[in-house]
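Colleague: Mind having a look at this structure? Questions to follow.
Every read-out reported here was derived from the displayed coordinates using simple, explicitly stated rules and does not represent laboratory data. Worth saying up front: this structure is predicted, and the values here are computed from it rather than measured. All Cβ positions, even for glycine, are placed from backbone atoms using ideal geometry, and neighbour counts span all protein chains on display.
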Amino acid sequence: MAAMAISSSSATVRIGCKKSAFVTNASSSVRSEFAGLRRMDSMFDMGSSHCLFAQMQRNVQAVGNGCRGVVTMAGTGKFFVGGNWKCNGTKDSISKLVTELNSAKLEDDVDIVVAPPFVYIDQVKSSLTDRIEISAQNAWVGKGGAFTGEISVEQLKDIGCKWVIHGHSERRHVIGEDSQFIGKKSAYALTQGLKVIACIGEKLEEREAGKTFDVCYEQLKAFADNVPSWDDVVIAYEPVWAIGTGKVASPQQAQEVHVAVREWLSKNVSAEVASQTRIIYGGSVNGGNSAELAKQEDIDGFLVGGASLKGPEFASICNSVTAKKVAA
Ligand code: PGA
């Protein structure tokens, strides 16, 4: 049956009568806005043409009309999956992982990046298919020189890295990097042509204190205050309580923060940046939960830790873009 398309600057909402799954999607998306993260007040006074409230009304209308609401991706960027190998691996285990990735069948419409430990980047670069780009897990804040133990952006580019991860919770909370330093490191990388996976996310006690949005906005602002442009930035929302714990955020919990991040970008940067910037989710993503998460309209992909160390499972997470396509 034909679907009617209603466009707004950042989202396309189709109201049609296509797949029953979307009735559940539409109503759970409405429910999720009341999941207790104290964001409704700020949402109602945004005055934005594509604010969540307007979208909720459209969803409700679609269901109320006895029709099924089909909601496409809110963002316009290509699905993106990053594998963060952290401080894991040996020459042998990495060689096995690369072999698995090289033989995996990967969907076309997903950008894929892996972040090996620094010392194995060269090995990975010379053995991994060009289909997958390489990221570093960190980089120095400025030009290289007398900075013992650091790796410069220039060196990373020299060995073929296209990306760097900044703001990961392990660097914020274990190593002690603060938001301003992270913002400055991201700015330097971008000005030198290295793309940035910019991580944000709240700790469990912050979530329990109702501060999830405040924490994410403060971390986002530090990126926004520093980066020259958002063209080469992917935002990774990674709740700290979900990283490496096996406690994945529910699709609704993740969607709730992703839509808030997009709205923050719209209000504080521009509607264009809000729609174009990929907002990916990280924290205990695996082959069993990625498809459900991918169906959420503001989830544009994943940053994967533990499960990225297994080639076939990482490939299946990358291929969860197909769940996105069905949802659209
Ligand atoms: P995890 O890590 O998938 O092992 O939870 C995610 C990350 O830290 O990026």
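Colleague: Relative contact order of segment 79-327: what whole-number percent is it, with Cα pairs under 8 angstrom and at least 6 residues apart?
Modeller: With pairs under 8 Å counted, the relative contact order is 21 percent.
Colleague: Let me ask something else. Could you compute the FRET efficiency for residue 180 and residue 119, with r as their C-beta to C-beta distance and R0 at 30 Å, rounded to 0.05?
Modeller: 0.55
Colleague: Expressed in nm to one decimal, what extension gain is obtained for the pair residue 268 and residue 106 from 0.36 nm per residue of sequence separation less their Cα-Cα distance?
Modeller: Full extension of this stretch gives 54.8 nm more.
Colleague: Classify segment 174-215: rounded, prolate or oblate, from the alpha-carbon gyration tensor (a ≥ b ≥ c, eigenvalue square roots; a/c under 1.5 rounded; otherwise prolate if a/b is larger than b/c)?
Modeller: prolate
Colleague: Can you list the lysines whose alpha carbon sits under 23 Å from that of residue 221, skipping same-chain ones fewer than 8 residues off?
Modeller: 184, 185, 195, 203, 211, 267
Colleague: Can you tell me the FRET efficiency between residue 99 and residue 245 if r is taken as the Cβ-Cβ distance and R0 is 30 Å, rounded to the nearest 0.05?
Modeller: Result of the calculation: an efficiency of 0.55.
Colleague: Summing +1 for each Lys or Arg and -1 for each Asp or Glu, what net charge is found among the other residues whose Cβ lies under 13 Å from the Cβ of residue 123?
Modeller: So the surrounding residues net to +1.
Colleague: Put a dot 7 Å past each Cα toward the Cβ at residue 127 and residue 173; how far apart are the dots in nm?
Modeller: 3.3
Colleague: Please go through segment 144-243 and write out the chymotrypsin sites (Phe, Trp or Tyr not before Pro) that DSSP classes as loop and that have at most 14 other C-beta atoms within 10 Å.
Modeller: Sites meeting the loop and neighbour criteria: 147.
Colleague: Among rounded, prolate and oblate, which fits segment 236-294 when a ≥ b ≥ c are the square roots of the eigenvalues of its C-alpha gyration tensor, a/c under 1.5 means rounded, and a/b larger than b/c means prolate?
Modeller: prolate
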